[in-house]
1. If we scan segment 128-136, do we find a residue that is at positive phi and at pLDDT below 95?
2. Do you know which residues across segment 41-68 are closer than 19 Å to Phe189 by Cα and in a loop (DSSP other than H, G, I, E, B)?
3. Report, by residue number, each residue of segment 69-79 that is within 22 Å of the chain's Cα centre (by Cα) and either assigned to a loop (DSSP other than H, G, I, E, B) or hydrophobic (A, V, I, L, M, F, W, C) (or both).
4. For segment 452-477, which residues satisfy the criterion of being in contact with a strand residue (DSSP E or B) (Cβ under 7 Å, 6 or more places away or on another chain) and on the phi > 0 side of the Ramachandran plot?
5. For Glu252, only one of the following conditions fails: (1) buried (at least 23 other Cβ atoms within 10 Å of the Cβ); (2) modelled with pLDDT of 90 or more; (3) farther than 30 Å from Ile354 by Cβ. What is its number?
6. Consider Leu74 against the criteria (1) surrounded by fewer than 20 Cβ atoms within 10 Å (Cβ to Cβ); (2) more than 26 Å from Tyr321 (Cβ to Cβ): it satisfies all of them except one. Which criterion is unmet?
7. Got at least one residue in segment 97-112 being at pLDDT below 95, out of contact with any Ser or Thr (no Cβ under 8 Å at 6 or more places or on another chain) and crowded, with 16+ Cβ neighbours inside 10 Å?
Amino acid sequence: MHYDAIIIGAGMSGLAAGIRLAMFDKKVVVLERHYVWGGLNSFYQYKGHQFDVGLHAMTNYAVKGARGLPLSRLLKQLRIRHDELDLHQQGFSSVSFPGEKLKFSNDFNLLRDEVARAFPHQVDGFDKLAKAVREFNELDLDAPQQDARPVVRRFITEPLLEDMIFCPLMFYGSAREHDMDWDQFVVMFKSIFFEGFARPQQGVRHVLKLLIDRYRKAGGELRLKAGVARILNSNGRAAGIELENGEQLTAEAVLSSAGLVETSRLCSAGSQPAQAVGAPPTAPVGKLSFTETISVLDKPARELGIEETIIFFSNRQRFAYEQPQDDVDTSSGVICMPGNFSLPQEPKDHLLRITNIANFDRWIAKARSAGSQPATGAGTLPAPAVGEAPTACAGEAPALRDYYAAKQRWYEQSCADVLGHIADFRSHVKLVDMFTPRTIRHYTGHEAGAVYGSPRKLRTGQTGIDGLYIIGTDQGFLGIIGAALSGISMANRWVLQRDGAAVEA
């Protein structure tokens, strides 16, 4: 079968690209190798509890009627009404380091006041940094790339404040260790500090249902459990794909949200896409993967004295954003209390989620030695057990017991290491779950479980093969809104504009 466009992956970028193309009567199919859409930002149910995967918050919040902001552009391009997203803002969040905490909210003035309080000698530099961020055009896909830390140090001379600024931006979007590209720093600074966090009452499933319904209504085709085996190449041009079942589909264009490394490996032999002019022929695999523990509490977090919506923390004075030598680095991370958004109804489940940087190689080695295991370690016993308790596996292989024992150990360590930032919640935990880098690779297909893909981004989407374009994480727009805009912008640029369509909504 022949299509105007084939889209690999039914995550936020793939669905948004599909909607955009279907709106212009393009024959388009979105292919998803799993039985559910969403990619990293998906959802599941366990023992009657609803869990989101990936989504802590939607960044880039904008009030109804705002113009020129990423969320406003997204709604306009997909013809979605603001009210349909059902967004509810955060109360306040914080960045918490030894001896200092900075609060911030969707009002940038709160963060500015906090910086003035805690670092009075840095406030002028902070104002100048904010001005530089506002004036930079992150949508200029052809702008030269530069490292963010040297730019930030022109304005901020206090290392602690520098790290406190970088910590949230890195945890929510950096594929690089230690630093970020300046354009990505700008994207994340604007999306987190200028615009802020919001969340639908029903979490990510609400956003995905809205996108799926809009895509189907526009006439797009969605195929689940349709893994792509390779990208077909005809005379140096992408001609379509071959599915894992051997079926071949042809198209005028292929848009891949699989990631740059992963898309390269799907290409026919001898036609690996170049990253950019003058760039190395193969993209580096990302090193940054994560574990996340999800604790179901017996009461709302606020009743335990936890007021923040999200806390970005470090237990060390200098923040280290890098792949750990051990299984997990619990000295820094993100603590999310989904119930602390300004929701109209009390959530059914009172959740507390902790995210830490993890070592993919160590976790995948445990998973291999343990054999085929569930993608998540869904708790089969009440807390504090994570997954199968080691004592419940006496008849199983030792490696299986070791795998679950590691999850149990790191769940407990992760919970213990956040207690300098929140009240002790552990006696209120009813049920726990935990996912590891193996889960991330399973559901995203990203090599090394790299949540944010390769450190090298293709901002124009061009791969070096005509007709094959990167969307999503490795194109470079970040967050749920950014991922969706990535799909839209690449669909506009490389399909609609090529076909002469007027792409204004």
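1. no
2. Leu55, His56, Ala57, Thr59, Asn60, Tyr61, Ala62, Val63, Ala66, Arg67, Gly68
3. Within segment 69-79, Leu69, Leu71, Leu74, Leu75, Leu78 meet the criteria.
4. Gly461, Gly467
5. For Glu252, the failing item is (1).
6. Just one mismatch for Leu74, condition (1).
7. Within segment 97-112, not a single residue is at pLDDT below 95, out of contact with any Ser or Thr (no Cβ under 8 Å at 6 or more places or on another chain) and crowded, with 16+ Cβ neighbours inside 10 Å.
Yes/no per residue for (1) touching a helix residue (DSSP H, G or I) at 6+ places or on another chain (Cβ under 9 Å); (2) within 22 Å of Ala405 (Cα to Cα); (3) β-branched (Val, Ile, Thr); (4) at pLDDT below 95:
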site	(1), (2), (3), (4)
Met337	yes, no, no, no
Asn340	yes, no, no, no
Gln345	no, no, no, yes
Asp349	yes, no, no, yes
Arg353	yes, yes, no, no
Ile357	yes, yes, yes, no
Arg362	yes, yes, no, yes
Ala367	yes, yes, no, yes
Ala370	yes, yes, no, yes
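The values are calculated or read from the model by the stated rules, or taken from the named source; none is laboratory data. This is a predicted model, so every value here is computed, not measured. Don't worry about glycine lacking a Cβ; one is built from the backbone with ideal geometry, like all the others, and counts go over all protein chains shown.
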